[in-house]
Every structure is written in structure tokens, then in C-alpha cells.
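The values are calculated or read from the model by the stated rules, or taken from the named source; none is laboratory data. Keep in mind the model is a prediction, meaning the values are calculated, not measured. All Cβ positions, glycine included, derive from the backbone under ideal geometry; neighbour counts span all protein chains shown. Note: areas computed on protein heavy atoms with side chains; ligands, DNA, RNA excluded. Shrake-Rupley method; radii C 1.70, N 1.55, O 1.52, S 1.80 Å.
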Amino acid sequence: MSLRPLYLMLLLAAGSAQAMSAGEYVAKAGDCTACHTLPGGKPLAGGMKFPTPLGDIYATNITPDAVHGIGAYSFAEFDRAMRQGIAKDGHRLYPAMPYTSYAKMSAEDMRALYDYLMHEVTAQPVANRESDISWPLSMRWPLAVWNSLFHEDQPYQADSKQSAEWNRGAYLVQGLGHCGSCHTPRGWAMQEKGLDSKTPEFLSGAELDGWYAPSLRGMKQDEVVSLLKTGRSQHAAVAGPMSDVVTHSTQYLSDADLSSIALYLHSLAVTTPKTANVPSAATSVLEAGRQTYATYCVTCHGDSGQGSDRVIPALAGNSTVTAENPLTALRVVLEGAHTPITQQATTVIMPGYGWTLTDADAAELMSYLRGSWGNQAAPVTAEQVKAARALKAQ
């Protein structure tokens, strides 16, 4: 008996948007929760693990607890940490904390965020966890050199040639939203290759922490607004870590701010896709992939990969499916995915098929998806599937 895919619909009551202070809005836009709240842990009490080439580091407690959190920080000390990556006691923060982006925050937003964290957040007496980086690599003085090479600690400067709406979008994307932390490729010292639209690598797509964050350059404006507000657009849906970003952050942004972000991203020149001389999968591979698609995928995604508008993402023309790096699409096939929990839409869960597909099966399926319905992307190998499968256990 063939197994048919089943999308599980979790119908969640859509709550009305609650009024929030200016500082809470800044915290939402900056997505503080995503890094500083451990699943099942106390709000903003830290503990989230972040792998680095040198070892794992852990997010810190940013509640107003005077011992373990930031309760003893003056505003000047808080501002220095956010703009320069220097803690109250003088030690330097790892740039996994995106102070390279937060440095662009306005003085007004920085003060509002400080007031929110100090007066509206509940203090949590949760001790911080030391990094797993061993000495001498754990010495922090080299970060001063790193900052001198790669960091600019000046607030965002508006571009007088652009509209106020464009500048607001640039401010949110480059600064508070720190979109480049995931979507901009990294250099030899793990620095972002670009911090603003002057650099073509900025937001051009990057692999980070076992996922591939696609290019944001030149995206359609209505698609950006819909994805950030609900996690879905007419033909697409977010997956992986971006689901948490929508859940905790972007769904709470005003329509005006979402439109500004969309305008800014749409204005960025698109890097020419590498479609020339893309190798094609063997006919036998495509046929095997087609059969696997018919068994597990066609019921929901359709016989032409068309999906279902605003419910099931289309696979034809899907940028995640056709990305030069297929990692995120592979992980979705193997592990499943869910759309974000938002105030605007129900949550859709796609089950993973790693339990039943072999590495060869999944490679054939992905090769079929990437070479059908007008998609033009290189086939996937069983070795790539094996590597993606191993990431789940990390």
C-alpha cells in the first residue's frame, strides 16, 4: 500500500494584536526572544546554543537580574554592548551577538529597548553558561582586532537619494532586523561579506547552522509582506529557523514597516542566477524521483508542483527548491516543516520522510523537483542527503 502525504492542520485561534510599548516593539523587531530564550526556559534568560568553528557559545541572560542579567548596566554600558560588543566588565562579546547590525540602531530605539528590558521584563536569576571554547582560543582580545577590521559602530545614515519609506526599510533590514546575520555569506574570519546594499554579496544567500538562508535581493514586495506577516504567501512558505523569526518577531511589525522592508529588498539588484551549463540528472534518476513524488508528494503539491494557494507551497519556481545550495529543501524533505504560529493564519505541518526514504531515494526525489516544471537546478547526490540527514542529530 502506498503511503500518501498528509498535511496536518493545527487550527489555532487568531488572537488580536495587543498594544505594546515602544521598547517592546523594538525588542520584537530585533527578535531578542529567538536567541535569548531557550525553548521551555525563562523568557530572555539565555541559554541558547550557537555552534561556531571554535566551539559552542551560549546566549546570555538579558533580563534585569542584577547578578546574572543586565540589571546593573547603565544605559551607556548597555549602548556600548549593543554598538561595540563590549560587556559591562570590559570583556568583548562574540559577534554571534549581532552588534555589527545593532550598531545602526537610532538613539531613540536604543533607549526604548533599554527601558523595556529594565522595567517591563521580569528579572530571572538564571546563571549564564560559559562557552565550550577552550583556552587559548577562548581569549577575547583578538576580537578587538576583528572589530577594527570588520565592524562599523555608527548609527544608520539615511540615503538622501531615497524615499523615507526606503530608508525605513533599510534601517530595519540592515540594523534592527539584522537580516544579514543569516542571509549574507561569511568571509574567512566569519565576518559578513557585506553590511549594506553597497555590497552585492549583502543578503545574497548563505549557509548557517545547518540551513541555507536564500537570497532576499529583488523579492516581490507583496510576497515579502505576506511571508513576514503570516509565514506564507500565495505560492511559498517559510521553513526552518525563519519560522521562529516570523513567530517571535516579524508578525508583530506594523503594516507600514513590513511595506518598507519589502520596498527596500525589492530595490536590491538580483545576482544573476547560475542557470547556464547546469547539469541534468540522468533519465533513470528523474523517473525514479517522479515515482517517489507520485507516492509521497503529489496529493498535496499537485501533479505539476503547483501546490495550493496560501496553504501548500508550490514547488515549481520555488527558490528554496532551486537554490544553488539545496540544504534547506533537503532538510524539509527529511525532517518535515511547519509554518509559523501567527495571529493571521493557521499552522500547517508537513511531515518528514527521512524515516522511509533512503539517501538514494531522497536524492532522486530532489533531483526530480529541481529539474521539473521549468525548474533548472543541479541534481542532488546521495552524499548530500547523508550530510543533511546528519544535521538533525546536532
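Structure values in brief
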| item | result |
| --- | --- |
| Qualifying position, being at pLDDT 95 or above, buried (at least 19 other Cβ atoms within 10 Å of the Cβ) and more than 29 Å from Ile261 (Cβ to Cβ), among Tyr99, Tyr25, Tyr73, Tyr116 | Tyr73 |
| Pairs with Cβ under 7 Å, 6+ apart, first in the stretch 283-294 and under 13 Å from Asn375 (Cβ atoms), second of a type in the set (A, V, I, L, M) | Gly289/Leu365; Tyr293/Leu365 |
| Yes/no for Met366 being of a type outside the set (Lys, Arg), assigned to a strand (DSSP E or B), modelled with pLDDT of 90 or more and under 28 Å from Arg217 (Cβ atoms) | no |
| Exclusive hit being in contact with a Ser or Thr (Cβ under 9 Å, 6 or more places away or on another chain) and free of Cβ contacts under 8 Å to residues at least 12 places away in the same chain, set Ala87, Ala59 | Ala87 |
| Pro43 assigned to a loop (DSSP other than H, G, I, E, B), open to solvent by 50 Å² or more (accessible area, probe 1.4 Å), in contact with a helix residue (DSSP H, G or I) (Cβ under 9 Å, 6 or more places away or on another chain) and on the phi < 0 side of the Ramachandran plot | yes |
| Single match in Gly180, Gly194, Gly210 (criterion: of a type in the set (Gly, Ala, Ser), under 14 Å from Leu268 (Cβ atoms) and at pLDDT below 95) | Gly194 |
| Candidate set from the stretch 158-186 (those that are more than 23 Å from Ser254 (Cβ to Cβ) and assigned to a loop (DSSP other than H, G, I, E, B)); member that is least open to solvent (accessible area, probe 1.4 Å) | Thr184 |
| Extreme residue, modelled with the highest pLDDT, among residues of the stretch 305-326 that are assigned to a loop (DSSP other than H, G, I, E, B) and either touching a Cys at 6+ places or on another chain (Cβ under 6 Å) or open to solvent by 60 Å² or more (accessible area, probe 1.4 Å) (or both) | Gln306 |
